[in-house]
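What follows draws every value from the coordinates through simple rules; no lab data is involved. Quantities reported herein were computed from a predicted structural model and do not represent experimental measurements. Ideal geometry is used to build each Cβ from the backbone, glycine not excepted, and the neighbour counts take in all protein chains shown.
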Amino acid sequence: MIDLKSKTALITGSGRGIGKEIARKLAQAGADVAISDIDLETAKATASELASEFGHKAIAVAADVSKAADVKKMFEEALGAFSKIDILVNNAGITRDGLLMRMKEEDWDLVLNINLKSAFLCCREAVRPMMSARSGKIINIASVVGLMGNAGQANYSASKAGMIGLTKTLAREFASRSINVNAIAPGFIRTAMTDKLTDAEKEKLSSQIPMAKLGDPLDVANAALFLGSGLSDYITGQVITVDGGLVM
Ligand SMILES: NC(=O)c1ccc[n+]([C@@H]2O[C@H](COP(=O)([O-])OP(=O)(O)OC[C@H]3O[C@@H](n4cnc5c(N)ncnc54)[C@H](O)[C@@H]3O)[C@@H](O)[C@H]2O)c1
């Protein structure tokens, strides 16, 4: 049984989807959670849902994590409420798909800033308090397309591959401080992000997955729970794929 009592976690983009399910799992295991999202209303709704379900602290924080000033303020609020951050989950992410020849520069910049620059900004804020505590868990939500590429997602797959490089570098920089930095690379998971796909597209995707089905946010949250707990203390710089066997 994983026990996160007296631990605190900040999860970006956790008003809904995979981030919300990760926050739920960490709260269920006993952690106090900071629900951060660009959409304050969903963050508030998720925080109050988790606080009433599990009975410990859950706060909502508004932040556009691609902006340094927002990230700084988000950490000030979370540290003000909890006085420490044991677990940081860099989950916020978007897609702006299109083939390279038609991809707009602003769609490249937006995706790279929200998916990748955000992780740099959040890690930079998180490591100082984690270094003082001489412990910490950073979990970056990447994607299988950061490992294998995907036609129509040059911006998105580059951002996720970048996240994997960031994960491995920070794992090396902070291993001696007992800060573990790992990534999860989900395959195709049922959320608002994949709801945009047609049934035919979903069927085509499923046919490429050895387990022949899309995953659920809970599948990703279970891996995050493991990486956020003491069970993963000797694991750093790794990418765990949660993809029904798509990449192996
Ligand atoms: N769904 C999948 O199949 C899948 C697969 C691989 C990886 N992922 C990754 O998992 C993560 C979560 O995806 P999801 O499917 O739950 O998506 P989602 O769209 O359901 O949720 C994303 C959340 O991020 C928030 N967000 C967006 N821009 C933000 C910003 N600038 N600052 C702060 N918050 C912001 C949104 O408001 C939303 O609550 C993303 O990083 C995504 O790339 C998803």
Alpha carbon centroid spacing (whole Å) that separates segment 114-160 from segment 195-226: 21 Å
Choice from Ala224, Ala23, Ala68 showing the highest fluctuation, given a GNM over the chain with Cα pairs closer than 10 Å: Ala68
Label point distance in nm, Lys73-Ser52, each placed 7 Å from Cα along Cα→Cβ: 2.8 nm
Distance histogram in 5 Å bins (all Cα pairs of segment 8-241, percent per bin): 1, 7, 15, 19, 21, 17, 11, 6, 2, 0, 0
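Between Lys84 and Thr194, how high is the FRET efficiency from 1/(1 + (r/R0)^6) when r is the Cβ-Cβ distance and R₀ = 51 Å? Nearest 0.05.
Details: r = 35 Å, r/R0 = 0.68.
Plugging the Cβ-Cβ distance into 1/(1 + (r/R0)^6) gives 0.90.
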Axial C-alpha extent at least 15 Å, average Kyte-Doolittle at least -0.5 - helices from the chain (DSSP): 17-28, 40-54, 68-82, 118-133, 154-174, 217-228
Beta bridges per DSSP with both ends in the chain, % antiparallel, nearest 5: 0 percent
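Could you sort the peptides 84-92, 146-154, 8-16 by per-residue average Cβ neighbour count (10 Å cutoff), highest mean leading? Could the numbers behind the result be given before it?
Details: 84-92: 25.6, 146-154: 16.7, 8-16: 27.3.
Top of the packing list down: 8-16, 84-92, 146-154.
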Whole-angstrom Cα spans of segment 131-217 along principal axes, big to small: 51, 24, 23
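Determine, from the Cβ-Cβ distance of Val247 and Ser176 and an R0 of 41 Å, the FRET efficiency 1/(1 + (r/R0)^6), rounded to the nearest 0.05.
Numbers: r = 30 Å, r/R0 = 0.74.
The value I calculate is 0.85.
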